[in-house]
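Colleague: The structure follows.
Rule-based calculations on the coordinates, nothing more; no lab input. All of these numbers come straight from a predicted model, not from anything done at the bench. So basically every Cβ, Gly included, is an ideal-geometry build from the backbone, and we count neighbours across all protein chains shown.
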């Protein structure tokens, strides 16, 4: 994020900020305004409280909306941050979501998104199943628990009784690049998330005791994360892509015309009505 979104002016979209875990970091990285869009009103309120607790409330607009139908003007965003497996939760609607992101992005703008890999996610699933003493049952019926389907197609249907807590789509690096390409983005960087430490609490706790050791671990993870063949071994992977300058104009009409504007959010009848969660 620091490398690909740092210093951006204009508007940066944070899609699915949740309770604002990454919003303060994003705010310190970009120079323009942030439009944080989430479907959950509760998450937007939590994110706003977190930002205020950190001593800041400026330069962030909180908008309640679905990523597939963004209330933003075409070509109004200079950058997009979509962390928390936002594309994967869209599942079969992921192409719609990415096309909508392409619509609101200016040509040349950048998007940073994360994707969960089938292999890395199954590793975590097996660990959780083992802790709950369910691993034997899973291994005796891998197709019943969607293990085979995740490896074959990347899709997990919603079936709580079979440990499918939500409909989800897993990606290989090649599949993620293909989806972005079809939406109008060119991938410029791919990096596995924590392929070495694998988010191990003991490793992280030991490294955080000293600033030098923490920076060393982050550097090791970044170098390892860009090595060929590791994108499915960590906790998913990050992709940075650029909105293509050619290939036609984004859709116009109901979403408003493109071009720079002091206001990226369309149809502002009033501050409270527009931001949904108040000032």
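Colleague: How big, on average over all directions, is the shadow cast by the Cα convex hull of segment 24-166, in nm²?
Modeller: 10.6
Colleague: Going by Cα centres, segment 215-230 and segment 50-127 are how many Å apart?
Modeller: 24
Colleague: Sticking with this one: Could you give the angle, 0 to 90 degrees to the nearest 10, between helix 94-104's Cα long axis and the longest principal axis of the Cα atoms of the chain?
Modeller: Tilt relative to the chain: about 30 degrees.
Colleague: Among DSSP beta bridges lying fully in the chain, give the percent that are antiparallel, nearest 5.
Modeller: Given both bridge residues lie in the chain, the antiparallel proportion sits at roughly 50 percent.
Colleague: Determine the gain in length on full extension of the stretch residue 130-residue 212; use 0.36 nm per residue of separation and subtract their C-alpha separation, reporting nm with one decimal.
Modeller: 26.0 nm
Colleague: Here's something else I'd like to know. Taking the 0 to 90 degree range and rounding to the nearest ten, how far is the long axis of helix 41-53 tilted relative to the main principal axis of the chain, both from C-alpha atoms?
Modeller: Its long axis makes an angle of about 80 degrees.
Colleague: What residue among 238, 135, 45 has the largest mean-square fluctuation in a Gaussian network model of the chain, using Cα springs under 10 Å?
Modeller: Sorting by GNM fluctuation, first place goes to 135.
Colleague: Okay, moving on. Shape call for segment 129-248 from the C-alpha gyration tensor, a ≥ b ≥ c root eigenvalues: rounded (a/c under 1.5), prolate (a/b greater than b/c) or oblate?
Modeller: Since a/c reaches 1.5 but b/c is at least a/b, the shape of segment 129-248 is classed as oblate.
Colleague: Moving on. In square nanometres and to one decimal, what's the mean projected area of the convex hull around the Cα atoms of the chain?
Modeller: 15.9
Colleague: Give me the angle, in degrees from 0 to 90, between the Cα long axis of helix 118-131 and the longest principal axis of the Cα atoms of the chain, rounded to the nearest 10.
Modeller: 60
Colleague: Hey, another quick one. Could you work out how far the C-alpha centroid of segment 155-205 sits from that of segment 1-48, in angstrom?
Modeller: Their Cα centres are 20 Å away from one another.
Colleague: Which parts of segment 157-174 would a label at residue 137 reach, counting a residue when its backbone N lies under 20 Å from a point 7 Å out along Cα-to-Cβ?
Modeller: Once the point is set 7 Å along Cα→Cβ of residue 137, 157-167 turn out to lie under 20 Å by backbone N, inside segment 157-174.
Colleague: Which shape class applies to segment 197-236: rounded if a/c is under 1.5, otherwise prolate when a/b exceeds b/c and oblate if not, where a ≥ b ≥ c are the square roots of the Cα gyration tensor eigenvalues?
Modeller: Oblate.
Colleague: Apply the Debye scattering formula to segment 1-108, with a single equal point scatterer on each alpha-carbon and no solvent, then give log10 I(q)/I(0) at q = 0.10, 0.17, 0.23 Å⁻¹.
Modeller: Normalising to I(0) and taking log10 leaves -0.25, -0.74, -1.36.
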